[in-house]
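Participant: Sharing a structure, written as structure tokens. Questions coming.
Just so you know, all these numbers are worked out from the coordinates, no wet-lab data involved. Worth saying up front: this structure is predicted, and the values here are computed from it rather than measured. Every residue, glycine among them, receives a Cβ derived from its backbone with ideal geometry; neighbour counts consider all protein chains shown.
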Amino acid sequence: MSINTTLNYSPNFDKKKRKFKQIKFIIFHYTGMKNEKDAIKRLTNIKSKVSSHYFIKNNGELITLVPELYTSWHAGLSSWKNYKSINKYSIGVEISNPGHDNKYKKFSKTQIQSILKLSKYLIKKYKIKINFILGHSDIAPYRKKDPGEKFPWRYLSKNKVGVWHDLNEKKLSKIRGTIVDKYNENSFLKNLYKIGYPRDFSKYNLKNTKLITKAFQRRFRQQLIDGVIDKECLLISKNLTKNLK
């Protein structure tokens, strides 16, 4: 299996080559910029100190910015399960999209097909686990929103890229907004830790609880991003922990 890409190398990567087996994750981002050309310029500008391995244009074309066996600078302060500094262990994929601050829009059909093809290529090549295919907001929930609630996680999971719950969507929608008690709020947060979200519960003050709940919602309950732990979120989190055992 191969992929067609255009080369436009970025200088922003660690010069020491990493081992093949170190690569465990695929991390998706959106560019968060109005103009696609400006986004590519930023990712290839030495002064920006940011990059990714791949860039997916609006028309679905794929650009290689950093060779896979070098660490690109895309994730920043991040963690998942027992892994810290996810840059070291991941392939970063930037997708052209203006993001939440610039009239966030749906990802194009051609972009989604490129996401799917690239993901399957990387999964096969590096034997990446299904639950190690993540968004930037999963690994940095207190800082990031991308790739956001319009990213097609459910569709991708049907094609064995990333995880999704197996609950009935219509039944879930009926309990949306049903507030849970403190005990179940804590159960939800513990479920997030089991799934892989940051495990430092001392950080779960009111503000951070809302942020990490929003990150979960952007990933698994995309119809309503309000940061409120309700019965729907609780049931989805329980289902995911059960299926990921």
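Participant: Taking the Cα centre of the range 1-141 as origin, sum charge times position over the Cβ atoms of Lys and Arg (+1) and Asp and Glu (-1), and report the length of that vector in debye to the nearest 20.
Facilitator: For this selection, approximately 460 debye.
Participant: Taking the highest mean first, how do the peptides 127-133, 142-148 order by number of other beta carbon atoms within 10 angstrom per residue?
Facilitator: 142-148, 127-133
Participant: Out of all DSSP beta bridges in the range 1-123, what portion is antiparallel? Express it as a percent rounded to 5.
Facilitator: Rounded to the nearest five, the antiparallel share is 35 percent.
Participant: Suppose every K and R has +1 on its Cβ and every D and E has -1 on its Cβ; what is the size of the dipole of the chain about the Cα centre, in Debye to the nearest 20?
Facilitator: 560 debye
Participant: Hey, another quick one. Quick check on packing: order 211-220, 174-183 by the mean number of other C-beta atoms within 10 Å, highest mean leading.
Facilitator: Taking the mean over residues of other Cβ atoms within 10 Å, the ranking is 211-220, 174-183.
Participant: Assuming 0.36 nm per residue, please report the length gained on full extension of the stretch ASN35 to ASN59 beyond their Cα-Cα distance.
Facilitator: Length gained, ASN35 through ASN59: 7.3 nm.
Participant: Moving on. Show me 113-120, 42-49 ranked by packing, highest mean number of other Cβ atoms within 10 Å first.
Facilitator: Ranked by mean Cβ neighbours within 10 Å, highest first: 113-120, 42-49.
Participant: Sketch the reach of a paramagnetic label on ASN102 as a point 7 Å from Cα along Cα-to-Cβ, and name the residues of the range 59-74 whose backbone nitrogen lies under 17 Å away.
Facilitator: Label zone hits: 59-60.
Participant: A further question follows. Any idea which of HIS29, PRO67, ASN12 is furthest toward the positive side of the dipole for the range 6-158, if Lys and Arg beta-carbons carry +1 and Asp and Glu beta-carbons -1?
Facilitator: Positive-most Cα among the choices belongs to PRO67.
Participant: Where the only charges are on Cβ atoms (+1 Lys, Arg; -1 Asp, Glu), what is the dipole of the range 134-187 about its Cα centre, to the nearest 20 debye?
Facilitator: Here the size comes out at about 200 debye.
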